[in-house]
Amino acid sequence: MPGTGTLIIHNEYPWLLDPRLGAFTAYLDGRKAARIEVGNWVQIEISSQQVHNIRVRLWWYRSPRLQVTVPEGETQRLYADVRGGLTLASARSFILRPSSALYLGHESRSVM
């Protein structure tokens, strides 16, 4: 498609229970764009002519909005996870700041 770039989002959430319950939903410019299963990634074609707002959601928890621009014909990778990993501090953010409890960014947070 002319004038488009590709956005790849990887779900790095280390969910141990039913994987369907750990899937993130990606929102592009306020609209549902994709469902990202645990450990998987999705590819979204976006217009390279504008700045897009993207965020992920898991149940009522969300990541802060991230603005992205992908030049025509190029690919940008994003990674989604729980902010702070599976720690007491992240559990606290789930309770006190659900609208920013998830991470969405350009850096992978997985520990191999």
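Read-outs throughout are calculated quantities, based only on the coordinates presented, and are distinct from any laboratory measurement. Keep in mind the model is a prediction, meaning the values are calculated, not measured. Virtual Cβ from ideal backbone geometry, glycine too; neighbours counted across all protein chains shown.
Taking the Cα centre of the stretch 4-105 as origin, sum charge times position over the Cβ atoms of Lys and Arg (+1) and Asp and Glu (-1), and report the length of that vector in debye to the nearest 20. Present the calculation step by step, with values, prior to reporting the outcome.
Values: 12 positive and 8 negative charges, 103 e Å.
The dipole of the stretch 4-105 has a size of about 500 debye.
Would you mind checking the stretch 54-79 for residues with the amide N under 18 Å from a putative spin-label position 7 Å along Cα→C-beta of residue 96?
61-64
Residue-wise, which Karplus ³J(HN,Hα) couplings in Hz belong to the stretch 62-73, taking 6.51 cos²θ - 1.76 cosθ + 1.60, θ = phi - 60°, and x for glycine or proline?
9, 9, x, 5, 10, 8, 10, 9, 10, x, 3, x
Using 0.36 nm times the number of residues separating residue 20 and residue 6, minus their current alpha carbon distance, what extension gain do you get?
Numbers: separation 14, 0.36 × 14 = 5.04 nm, distance 2.50 nm.
Computed gain between residue 20 and residue 6 is 2.5 nm.
For the pair residue 31 and residue 74, what calculated FRET efficiency results from E = 1/(1 + (r/R0)^6), where r is the Cβ-Cβ distance and R0 = 22 Å, to the nearest 0.05? Each step should come with its number before you reach the end.
Values: r = 22 Å, r/R0 = 1.02.
In this case the efficiency is close to 0.45.
Output ³J(HN,Hα) for the stretch 32-37: one whole-Hz value per residue in order, computed from phi by the Karplus curve 6.51 cos²θ - 1.76 cosθ + 1.60 with θ = phi - 60°, and x for Gly and Pro.
4, 10, 6, 10, 10, 5
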